[in-house]
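First up is the structure itself, then whatever we jot down about it.
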Amino acid sequence: MGTSSTALPGFWKRNQRTFAPWLFLAPGALMFLIYVILPVFQSVWISFHDWDGLGPKTWIGIGNYVELFSDDAFYTSLENNIIWLVLYLLAVPAGLAAALFLNQTVAGIRIYKSLFFFPFVISQVVVGLIFTWFYAPNFGLFSVLTEALTGTQIAVLADERLVTYGIIAAGLWPQIAYCMILYLTGLNNINSEQIEAGRMDGAKGWHLFWNIVLPQLRPATFIAVVVTVIGALRSFDLVSVMTAGGPYGSSRVLSYYMYEEALSEYGFRMGYGAAIAVVLFLIMMIFITFFLIRMLRQERNS
Amino acid sequence: MFPTPVQKSAPWVSTTYQIILPIALIIWLLPLIGVAVTSIRPSGDLAAGNYFGIPSGFAGVENYTAVFRDSPIGHYILNSFKITIPTVIGAVGLSCLCGFALAVYRFKGSLALFFIFVAGNFIPFQILMVPVRDMTLKMGLYDTVTGLVLFHVAFQTGFCTLFMRNFIKGLPFALIESARVEGVSEWRIFVHIVLPLMRPAIAALSVLIFTFVWNDYFWATVLVQGQSAMPVTAGLNSLNGQWVAAWHLVSAGSIVAAMPPVLMFFFMQRHFIAGLTLGATKG
């Protein structure tokens, strides 16, 4: 920007503040446009085609969507996504409980807090491997424990009815840690005068928590719910690492099913995969819109 | 403070709390502790069915050397660094510029642009997968570190811009105004006034993006095929298929793969959490 000022010094000086924001934005916005914004529209476009990823695309209109709505695997994935969504939200109260438990000032508490947060820092691939080992038949800690308690082993990841719950449990581990950190920060920032005033008025325990503390934690709760919902709908790594959708596709979720259709040995059905992705995107948009509306309100207030 | 500090409670409450604390931690980290112990377990223990008992010896050196010697994990780790470091520099750099533009200037569409960056963060990766893979193939960048870096930079710029913009909004605007009155150019305002004040934000984002990108698995499977550009997450998963039942090796590999972000977190904890909890306290 400094060089252009020699050519047209007067013009640049006068209009600098009009052009500056666009010049600052250009590189980042361009990258974001090419890699994030345009692909969304391209995916929608591709979803109306039959395409193997190499040859020409054949327009089939809503053909992929019609097929989708009579596809059992799609419904299994959708159902699993809903189970994920509901159970994953347990991370929010669990994270709050963990934060309340750790919100003390005793010796070494900082180290405890960071060690509790540990699972979130680790890759989901590693978390997936750890839990696969945890559930492994014959020697996994979980199998050993269930055998000791019930007399029979439960091979979670091989059981069609249990597999999704087993994977969700693995996902909850880091997610609870994340929510815990959000709440610890929130607890750090609550107004202690209000707490003291509440205590003076005789509010205690549950009553104090519900009426005075929890309302002040609302921003933390909001963020925790948003990241948890998005995390649940995005779940891919754990499914891929722990079961690859199995047994018999019973642990598939939309994100994994899409990947499978578009990029697996069963064939490169890019159009069909894109259609699944569009459905997932639309579901996610409901939550993203809520988030944006709230942000907009905040912006207007500030 | 809530809940009531344990120091103010009866002595038995305080004592109980101090006893429960380490027990809770051990239960919470049990899967991880199990893996750490397994990673130093001699392979003979596994054959003999000693999965949980005290390891019969310390085979840490042996297992970790075996992982590096018999598998390309060293190569995968190097790839992960080659992908992660340029991504951090690129995304943080671009978002400093974007965040500055969106925070300091009032222009038509600035809020809409900001919201597009924010929304982009939350979309499912699958909606980008087919076009991004296709584009990467056409650019000849499929199965290369560069291909992954370009995507990660672009995607992470969304989150980083959200962060930077909010951070710059919180800076004293009078500083910028007075510089303008003195005729300082916009670029120099950015470089000499705003950028130095952004150090904490840059640190926070750098550790966070490092962790996010290091831990990425999805794009590593979509944009990479062979070993040449594969990062450690995808590499570890493929090794898991080869090391059937060699849990001491899988465990050692997992620990190796998890180490860099864990160390990053430990040394930059304050920044890491500041980045993560942005927006959780206000609004």
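Between A:Ala274, A:Ala262, A:Ala224, the distinction of being touching a Pro at 6+ places or on another chain (Cβ under 9 Å) and touching a residue at least 60 places away in the same chain (Cβ under 8 Å) belongs to A:Ala274 only. Hey, among the residues in segment A:60-91 that are among the β-branched types (Val, Ile, Thr) and touching a residue at least 24 places away in the same chain (Cβ under 8 Å), which one's nearest to A:Pro215 (Cα to Cα)? The extreme case among them is A:Ile83. Only one of the listed residues (A:Leu100, A:Leu38) is assigned to a helix (DSSP H, G or I), touching a Pro at 6+ places or on another chain (Cβ under 9 Å) and within 30 Å of B:Phe2 (Cα to Cα). That residue is A:Leu100. Taking segment B:1-18 as the range and being at the interface with chain A (Cβ under 7 Å from one of its Cβ atoms), in a loop (DSSP other than H, G, I, E, B) and among the hydrophobic types (A, V, I, L, M, F, W, C) as the test, the residues that pass are B:Met1, B:Phe2.
Being open to solvent by less than 20 Å² (accessible area, probe 1.4 Å) and either over 30 Å from A:Ala262 (Cβ atoms) or not hydroxyl-bearing (Ser, Thr, Tyr) (or both) is a property that does not hold for B:Phe122.
Pairing each residue of segment A:92-103 that is on the phi < 0 side of the Ramachandran plot with any residue that is among the β-branched types (Val, Ile, Thr), provided the two are 6+ apart or on different chains, yields C-beta distances under 7 Å for A:Val92/A:Thr221; A:Val92/A:Val225; A:Val92/A:Thr228; A:Ala94/A:Ile176; A:Gly95/A:Ile176; A:Ala98/A:Ile176; A:Leu102/A:Ile109. When we screen B:Trp219, B:Trp214, B:Trp187 for residues that are surrounded by fewer than 17 Cβ atoms within 10 Å (Cβ to Cβ), within 13 Å of chain A (Cβ to nearest Cβ) and aromatic (Phe, Trp, Tyr), the only hit is B:Trp187. The criterion of at least 2 residues that are within 14 Å of another protein chain (Cβ to nearest Cβ) is met, among helices (runs of 4 or more DSSP H) falling completely within segment B:19-91, by B:30-38, B:43-47. Taking the conditions (1) over 30 Å from B:Ser238 (Cβ atoms); (2) in a helix (DSSP H, G or I) in turn, A:Ala169 satisfies each one other than (1). Checking the conditions here, which among B:Asp70, B:Asp134 is of a type in the set (D, E, K, R) and crowded, with 18+ Cβ neighbours inside 10 Å? Among B:Asp70, B:Asp134, only B:Asp134 is of a type in the set (D, E, K, R) and crowded, with 18+ Cβ neighbours inside 10 Å. Is one or more of the residues making up segment B:92-101 modelled with pLDDT of 95 or more, surrounded by fewer than 23 Cβ atoms within 10 Å (Cβ to Cβ) and not charged (D, E, K, R)? Yes.
Considering only segment B:124-140, I want to know if a residue exists there that is on the phi > 0 side of the Ramachandran plot and more than 10 Å from every other protein chain (Cβ to nearest Cβ). Checked segment B:124-140: at least one residue is on the phi > 0 side of the Ramachandran plot and more than 10 Å from every other protein chain (Cβ to nearest Cβ). Being more than 27 Å from B:Leu29 (Cα to Cα), among the acidic types (Asp, Glu) and free of Cβ contacts under 8 Å to residues at least 24 places away in the same chain, is that true of even one residue in segment A:159-182? No, because not a single residue in segment A:159-182 is more than 27 Å from B:Leu29 (Cα to Cα), among the acidic types (Asp, Glu) and free of Cβ contacts under 8 Å to residues at least 24 places away in the same chain. With respect to the conditions (1) open to solvent by 30 Å² or more (accessible area, probe 1.4 Å); (2) of a type in the set (A, V, I, L, M); (3) within 15 Å of B:Ile123 (Cα to Cα), A:Leu296 lacks only one, and its number is (3). B:Leu239: open to solvent by less than 10 Å² (accessible area, probe 1.4 Å) and either touching an Asp or Glu at 6+ places or on another chain (Cβ under 8 Å) or under 30 Å from B:Gly44 (Cβ atoms) (or both), yes or no? Judged against the criteria, B:Leu239 is a match.
Across segment B:16-33, not a single residue is classified as at negative phi, open to solvent by 40 Å² or more (accessible area, probe 1.4 Å) and touching a residue at least 24 places away in the same chain (Cβ under 8 Å).
Just to verify a result, which residue in segment B:154-166, among those that are of a type in the set (A, V, I, L, M, F, W, C) and closer than 22 Å to B:Lys82 by Cβ, is farthest from the other protein chains (Cβ to nearest Cβ)? Restricting to residues being of a type in the set (A, V, I, L, M, F, W, C) and closer than 22 Å to B:Lys82 by Cβ, the top hit is B:Phe159. Against the definition (at the interface with chain B (Cβ under 9 Å from one of its Cβ atoms), of a type in the set (A, V, I, L, M, F, W, C) and within 30 Å of B:Leu128 (Cα to Cα)), how does A:Phe209 come out, yes or no? Taking the combined requirement at face value, the residue does not satisfy it.
Scanning segment A:66-106 for residues that are under 21 Å from A:Val239 (Cα atoms), among the polar types (S, T, N, Q) and open to solvent by 40 Å² or more (accessible area, probe 1.4 Å) gives a single hit, A:Thr76. So, A:Ile176, is that one part of a helix (DSSP H, G or I), modelled with pLDDT of 95 or more and more than 14 Å from chain B (Cβ to nearest Cβ) or not? Judged against the criteria, A:Ile176 is not a match. Between B:Phe114, B:Phe151, the distinction of being more than 7 Å from chain A (Cβ to nearest Cβ), buried (at least 17 other Cβ atoms within 10 Å of the Cβ), aromatic (Phe, Trp, Tyr) and part of a helix (DSSP H, G or I) belongs to B:Phe114 only.
The values are calculated or read from the model by the stated rules, or taken from the named source; none is laboratory data. Keep in mind it's a predicted model, so treat the numbers as computed, not measured. Glycine gets a Cβ as well: all are built from the backbone with ideal geometry, and neighbour counts include every protein chain shown. The area values use the complete protein model at the heavy-atom level, side chains included, leaving out ligands, DNA and RNA. Shrake-Rupley method; radii C 1.70, N 1.55, O 1.52, S 1.80 Å.
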